[in-house]
Amino acid sequence: MAGMLYYPFANAPVPVLQQAILYWDDLATVVAPGWEDRLTDRMKEVQDAGLYRPLEAQRAFGPFELHEIEVELDHALKQVPLDALNPPTEPADGEFSTLHVDKLHKSVVKELLQQKLVYPHRDSPSRLVAAPALLNIVVSLIARRIAADNNARSGCTGPQGLRPHTDITAAHQLGTEPTPGYDVTACWQVNVGPLLPVPRADVMVGDLVRFRTKYDPERQRLMLAIDELLHQLEQAGRHPQDAFRLVERELADATAELAAAARSTKWSWVTRPVAAFVALTTSFAASAQPDLNVPLMVLSNGAVNLATTQSRRDVSRGVTDYTYLHRTQKLLRGAA
């Protein structure tokens, strides 16, 4: 099982946090020194439950130098209007307008300062004032590189593995849109939201943890079935329906088990759109239909369907792992 790496902020929103607790091995976010004081109460509860993995770039991985992300950074900056990149004249409160220098290599800090995209926070020399759009760009690049490096060392399917997740569409696009200098490949966009229901109400973290513990075999069975589906979709020369048929029975049984567990609670369960993106291998990517849209599985609470899109692949870091985009503001329907 792998962990969820949420970005671009250190504190995950409640809908994402719920999915992390219920389904993933743990929740990781990119933090800077002093992160303990900046966690929300909910995130602290997740930490107390032993399900939080703070990732300090400076300590655990070393910040990426400018030359390592320069092409991606330059491309990303060109996609955003200049007005959206200009830092606010006065620093606002909270993590949405400040960037901690310890997340960045000094070469990157120097470049951002020279371009006047950031300026030092008057109350804290360790923070830079930045527009939210710039924060999304920089932390998104860092998070995806951290996940790639981590998975190259320890694998992406074990407890040390990391799968990038965000609920910010712009942040997801900045990490996946085709970029000059990088290979482009076809990519499956799979709606797995109906497989991962969450409580509609504001359920306590402790109650979510107890549900997770009680139904841990069901949780693991479902996540392994979803992972196998994504793995089969990734294989060269395989039609998506063929990939689905290989795991259809296991996925249906795992979904039914989890639905029974959900009905045992007094919570109202709902599904939210969650898209998993799977980069295809080159041989099949060349023949994939650009407008393909395939319904794979129909459940009482929605359909698991698949569409094609494009994604960039950094071949120097191996095959891009699966990434996830959450639509936290949109509810689909009740699940149990």
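The values are calculated or read from the model by the stated rules, or taken from the named source; none is laboratory data. All values derive from a computational prediction rather than experimental measurement. Cβ: placed from backbone, ideal geometry, glycine included. Neighbour counts: every protein chain shown. Accessible surface is based on the protein model in full, side chains and every heavy atom, while ligands, DNA and RNA are left aside. Shrake-Rupley method; radii C 1.70, N 1.55, O 1.52, S 1.80 Å.
Here are a few things to note about the model shown:
- Test: residue in the stretch 181-193 that is of a type in the set (D, E, K, R), at pLDDT 80 or above and open to solvent by 30 Å² or more (accessible area, probe 1.4 Å): no
- Screening the stretch 258-315 for strands (runs of 3 or more DSSP E) wholly inside it with 3 or more residues that are modelled with pLDDT of 80 or more returns the ranges 269-271, 274-279, 302-313.
- Residues satisfying the stated conditions in the stretch 124-179, i.e. open to solvent by 30 Å² or more (accessible area, probe 1.4 Å), more than 25 Å from Arg53 (Cβ to Cβ) and assigned to a loop (DSSP other than H, G, I, E, B): Glu177, Pro178
- Qualifying residue in the stretch 7-30 (condition: at pLDDT 90 or above, of a type in the set (D, E, K, R) and part of a strand (DSSP E or B)): no
- Residues located in the stretch 73-90, provided they are buried (at least 16 other Cβ atoms within 10 Å of the Cβ) and either out of contact with any Phe, Trp or Tyr (no Cβ under 8 Å at 6 or more places or on another chain) or assigned to a helix (DSSP H, G or I) (or both): Leu73, His75, Ala76, Leu77, Val80, Leu85
- Selection from the stretch 220-256 of residues that are more than 24 Å from the chain's Cα centre (by Cα) and open to solvent by less than 70 Å² (accessible area, probe 1.4 Å): Ala236, Gly237, Gln241, Ala252, Asp253, Ala256
- Residue count for the stretch 230-262, restricted to those that are touching an Asp or Glu at 6+ places or on another chain (Cβ under 9 Å) and of a type in the set (A, V, I, L, M, F, W, C): 8
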